[in-house]
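K.L.:
I am attaching a structure below and will ask some questions about it afterwards.
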Amino acid sequence: MGPAADQRWMRTALALGRRGMGRCWPNPAVGCVIVAGGRVVGRGWTRPGGRPHAETVALAQAGAAARGAVAYVSLEPCAHHGQTPPCTDALIAAGIARVVAPLPDSDPRVAGQGFERLRMAGIEVVTGVLAEEAARDHAGFFLRTETGRPFVTLKLAASLDGRIATATGQSKWITGAEARRAVHAMRARHDAVMVGAGTARADDPSLTVRDLGMAHQPVRVVVSRRLDLPLLGQLARSARDLPVWLLHGTDADPERQRAWEGLGARLMPCARVGVHLDPADVLRQLGAAGLTRVFCEGGGALSASLLAADLVDELAVFQAGMAIGAEGLPMIGAMGLDRLENAARFVLDDLRPIGADVLQIWRRATG
Ligand code: AOF
Ligand code: ZN
């Protein structure tokens with residue numbers, strides 16, 4: 001099979017893998033397609049909770065048709081005995097002749113050993129196919145295994161002049177229904193949705209995925225040093241049914257800590273820098289708890305603290321054709337930035353209309 005066919009099938013494997021995004025943390029969302037004689041004989045993606053792995057699912061579907069076939073996997077097949085036996089052994093046992101994968105796994109238990117085992121068994125291994133795309137899809141998993149923190153997408157939805165509410169606090173609605181639907185789809189592809197305490201108080205959000213016909217829900221995360229959050233709000237009422245994690249200061253009122261625990265929330269004490277929680281520690285804790293992709297929806301103070309600490313990997317900015325004026329609430333709070341050369345820089349990745357609004361995707365400029 002030539003490079004063009006390899007790319008085509010790898011595109012399919014990547015697309016399958018994305019189906020698991022947001023629901024198989026702490027494991028990567030891997031996709032696998034098994035091809036024999038130009039036909040698909042098995043397809044799989046990492047199941048919710050991270051197991052079974054993509055290859056196991058695809059091999060089960062392929063059955064005897066896997067013998068002599070090619071397996072396209074969106075990440076190096078695992079080589080370790082975890083809760084399930086290694087995928088490399090399953091591929092070898094099934095008689096797969098060739099494995100195409102874009103990148104090595106960053107988990108030290110695998111990291112190159114999967115490819116090695118396959119080659120030792122006489123299987124042809126091709127790597128590097130659509131590596132850039134795969135690196136993007138697995139960015140959260142790689143970041144977490146390599147640095148301990150999850151990938152952060154910061155969503156901002158604002159007026160032409162970057163305001164998220166009027167001076168009196170009115171914010172519904174600045175962007176339109178299509179943009180809000182796109183936000184729900186983005187939430188669904190992340191492990192968690194995160195907001196600051198100000199937003200949790202002002203909007204009383206439920207932070208769930210709605211109207212997309214899906215049962216899966218991301219973890220709801222609120223960053224609140226003092227835990228001064230409404231005990232009768234949407235999050236409080238639903239904390240037993242869908243996870244709510246609260247990152248707070250060690251100085252938060254113990255009564256409030258108990259009250260939230262009683263409501264079913266998970267409390268995660270964090271370090272402080274000055275009067276605010278340390279955003280790096282917030283993300284470290286979320287990474288330690290297994291999250292690989294976090295979708296932050298503001299507000300201004302949390303957005304500013306993440307940006308100032310250079311902890312935003314991607315920006316999703318929805319802009320509405322409306323001006324609110326300087327009295328309005330800015331989408332990004334005070335950052336204490338003195339010089340432009342100290343500002344985090346982003347490069348434009350995508351720009352498109354969504355209903356009456358514009359969506360811009362910006363990626364952190366590396367190097
Ligand atoms: C694959 N295919 O679909 C996934 C892989 O805890 P375990 O035993 O399930 O192993 C988790 C590790 O397996 C994870 O850190 C990553 O290295 C790999 N994930 N590997 O071959 C898959 N999800
Ligand atoms: Zn595996």
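The values are calculated or read from the model by the stated rules, or taken from the named source; none is laboratory data. What you are looking at is a predicted structure, and each value in this text was computed from that prediction instead of being measured. So basically every Cβ, Gly included, is an ideal-geometry build from the backbone, and we count neighbours across all protein chains shown. The area values use the complete protein model at the heavy-atom level, side chains included, leaving out ligands, DNA and RNA. Shrake-Rupley method; radii C 1.70, N 1.55, O 1.52, S 1.80 Å.
K.L.:
Within 10 Å, count the other beta carbons around each residue, average over each peptide in 87-97, 114-124, and list them highest first.
P.N.:
Peptide ranking by packing, descending: 87-97, 114-124.
K.L.:
What Kirkwood radius, in Å to one decimal, follows from the Cα pairs of the chain?
P.N.:
Working: mean 1/r = 0.0456 Å⁻¹.
Taking the inverse mean of 1/r over all distinct Cα pairs, the chain comes out at 21.9 Å.
K.L.:
With +1 on the Cβ of every Lys and Arg and -1 on the Cβ of every Asp and Glu, and nothing else charged, how large is the dipole of the chain about its Cα centre, in debye rounded to the nearest 20? Could the numbers behind the result be given before it?
P.N.:
Values: 42 positive and 36 negative charges, 184 e Å.
Roughly 880 debye, rounded to the nearest 20.
K.L.:
So, one more: Please state the charge dipole magnitude for the stretch 3-139, taken about the Cα centre, from unit charges on C-beta atoms (+1 on K and R, -1 on D and E), reported in debye and rounded to the nearest 20.
P.N.:
Working: 15 positive and 11 negative charges, 94 e Å.
Taking the Cα centre of the stretch 3-139 as origin, the dipole is about 460 debye.
K.L.:
Which value results for Rg/Rh of the stretch 148-364 when Rg is the Cα radius of gyration and Rh the Kirkwood radius based on the inverse mean 1/r?
P.N.:
On the way: Rg = 16.7 Å, Rh = 17.7 Å.
Ratio of gyration radius to Kirkwood radius: 0.94.
K.L.:
How much of the DSSP beta bridge set in the stretch 148-364 is antiparallel, as a percent to the nearest 5?
P.N.:
Working: 18 of 45 bridges.
Taking every DSSP beta bridge with both residues in the stretch 148-364, the antiparallel ones total about 40 percent.
K.L.:
Place +1 on the Cβ of every Lys and Arg and -1 on the Cβ of every Asp and Glu in the stretch 148-364, take the dipole about the Cα centre, and give the residue among Leu227, Gly262, Trp362 whose Cα lies farthest towards its positive end.
P.N.:
In the stretch 148-364, that residue is Gly262.
K.L.:
Between Ala167, Ala139, Ala265, find the one with the highest GNM mean-square fluctuation for the chain; connect C-alpha pairs within less than 10 Å.
P.N.:
Taking springs between Cα atoms under 10 Å, the residue moving most is Ala167.
K.L.:
Could you work out what % of the accessible surface of the stretch 148-364 is carbon and sulfur, using a 1.4 angstrom probe and leaving DNA, RNA and ligands out of the count?
P.N.:
Numbers: 5320 of 10060 Å².
Ligands and nucleic acids excluded, carbon and sulfur reach 53 percent.
K.L.:
A further question follows. Which of the DSSP-defined H helices in the chain satisfy a minimum axial length of 20 Å, computed from C-alpha atoms, and a minimum mean Kyte-Doolittle hydropathy of 1.6?
P.N.:
TM-like helix candidates: nothing returned.
K.L.:
Using packing as a proxy for protection, rank 325-335, 28-38, 242-252 so that the peptide with the highest average count of other Cβ atoms within 10 Å comes first.
P.N.:
On the way: 325-335: 16.1, 28-38: 24.1, 242-252: 19.0.
Ranked from most to least packed, the peptides come out as 28-38, 242-252, 325-335.
K.L.:
Say we join alpha carbon atoms closer than 10 Å with springs in a Gaussian network model of the chain; which of Asp228, Asp211, Asp253 then has the biggest fluctuation?
P.N.:
It is Asp211.
K.L.:
In addition: For the pair His81/Ile361, report the inter-label distance in nm, with labels modelled 7 Å from Cα in the Cβ direction.
P.N.:
Result: 4.1 nm between the two label points.
K.L.:
Which percentage, to the nearest 5, of the DSSP beta bridges contained in the chain is antiparallel?
P.N.:
Approximately 45 percent, going by the DSSP bridge assignments.
K.L.:
To the nearest 0.05, how large is the calculated FRET efficiency for Asp211 and Ala121 if R₀ is 41 Å and r is the Cβ-Cβ distance? Walk me through the numbers on the way to the answer.
P.N.:
Details: r = 47 Å, r/R0 = 1.16.
The pair Asp211/Ala121 has a calculated efficiency of 0.30.
K.L.:
If you look at just the Cα atoms of the stretch 45-171, how large are its Rg and its Dmax in Å?
P.N.:
19.8, 69
K.L.:
Kindly rank 181-192, 127-138 from highest to lowest mean number of other beta carbons found within 10 Å of each residue. Let's see the in-between values first.
P.N.:
Values: 181-192: 19.9, 127-138: 17.6.
The most tightly packed comes first, giving 181-192, 127-138.
K.L.:
Can you tell me how much longer the chain between Asp251 and Leu351 gets when fully stretched, taken as 0.36 nm per residue apart minus their C-alpha distance, in nm with one decimal?
P.N.:
Full extension of this stretch gives 31.7 nm more.
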